[in-house]
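Derivation of every value follows stated rules applied to the coordinates shown; laboratory data play no part. Model, not experiment: these values are computed from the prediction. Please note: Cβ atoms are built from the backbone with ideal geometry, for glycine as well, and neighbour counts cover all protein chains shown.
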Amino acid sequence: MFDGLYYNEKDDPVSAHLFALDGTKWKDLRGKFTPTFTSSKMKMMIHTMFDISKCMSKALGKCAMEKEDIDIKK
């Protein structure tokens, strides 16, 4: 894996993601994610992801045409 990536589970829990961890912590976290991303579950999610990406593309295109700032939270 990648050695030397910063993560601090206590003070910055978001930094302790799958790509930053190694060893046993990485293996444990991957074991939690694996059932979520089975091929059948991914097939069920694809339509939702496609619909969301179309909406996002339209919104970003509108902001770009009007030269507006983009509210990421919205």
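Could you list all residues from region 56-67 that are over 17 Å from the mean Cα position of the chain (by Cα) and surrounded by 10 or more Cβ atoms within 10 Å (Cβ to Cβ)? Passing the criteria: S57, K58, A59, L60, G61, K62, C63, A64. Applying the criterion of being of a type in the set (A, V, I, L, M) and within 15 Å of the chain's Cα centre (by Cα) to the residues of region 3-45, the residue that is farthest from D71 (Cα to Cα) is L29. Note on region 18-41: residues that are farther than 30 Å from Y6 by Cβ and surrounded by 10 or more Cβ atoms within 10 Å (Cβ to Cβ) total 2.
Would you pick out the residues in region 1-16 that are loosely packed, with under 12 Cβ neighbours inside 10 Å and not polar (S, T, N, Q)?
The answer is M1, F2, D3, G4, Y6, K10, D11, D12, P13, V14.
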